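Asker: The structure under discussion is supplied below as structure tokens; questions concerning it will follow.
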Amino acid sequence: MTDEYSGQNDTESAGESQAADTASGDSTLLTGSESQPQDAPVEASSADADGNEEPAPEIPEKYEFNMPNGMEVDQSLADEALPVFKELGLSQEQADKLTGLMVAKAERDSQMMADAYQKQISDWATELKNDKDVGGEAFEKNVSVAREAIDKFGSPELRDALNSTGMGNHPEVFKFALAVGKYLVEDQPGSGEPAKMESVIESRLYPNEARH
């Protein structure tokens, strides 16, 4: 009796084991994948869509910096970037993409600075036009007087510098040129023509001497 009971228990255990295996098999069919331990490592694959192994990127011995729009390489920045490119194992193509991002940012920053300075030049002109001493209705006349001073005493290089940098609009530069121009106007004879510098100096050195 004992042996038969034990055998019955063995049969039931075997049946339960088969049922468990069947249930496990059904789960696999439903999910479409084989069960794996949860903490089994997942191996990274470098294969492409056709199952071929993708080659590792070729790291050049020396990176070339292809700068657009005639830009020059910042050598100090390049010296810092090269070891990083090597450490990251970048190919020349990948390095070009990264360099392109940095160049694009530098161009945007440069354009922003240029726009900001151009606005500053315009703001200087507006400030002068609204200045109570040099602006208002007399502004255009004051501009002519200031230009006359620059034309008389300034070199062509000075005029070019004032034009190219916009410093001719700087309030202090303009007011200085205007003061010099007014000084010239005050020394003009009654004809309204600008006095020659030689005659002005001569009249001060020899005030009692008759001129011919």
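Please treat every number below as a calculation from the coordinates, not as lab data. None of the values given here were measured: they were computed from a predicted structure. With ideal geometry, Cβ positions are generated from the backbone for all residues, glycine too; neighbour counts draw on all protein chains shown.
Asker: Kirkwood hydrodynamic radius, the stretch 53-123, all distinct C-alpha pairs: what's the number in Å?
Answerer: 14.2 Å
Asker: Run down the lysines and flag those whose C-alpha is under 18 Å from the C-alpha of K119, throwing out any fewer than 8 positions away in its chain.
Answerer: Correct list for K119: K129.
Asker: Taking the Cβ of L88 as the centre, find all other residues whose Cβ is under 15 Å away and add up their charges (Lys, Arg: +1; Asp, Glu: -1).
Answerer: -3
Asker: Could you name the lysines in cross-link range of K105, using Cα to Cα under 16 Å and dropping any fewer than eight places away on the same chain?
Answerer: K97
Asker: Between R108 and R159, how many nm apart are label points set 7 Å from Cα along the C-beta direction?
Answerer: For the pair R108/R159, the computed spacing is 4.1 nm.
Asker: Let me ask something else. What is the fewest-to-most order of K62, K152, K182 by other Cβ atoms lying within 10 Å of their Cβ?
Answerer: Fewest-to-most Cβ neighbours within 10 Å comes out as K62, K152, K182.
Asker: In which sequence would Y63, Y117 go, from the one with the fewest C-beta neighbours within 10 Å to the one with the most?
Answerer: Listed from fewest to most nearby Cβ atoms, that is Y117, Y63.
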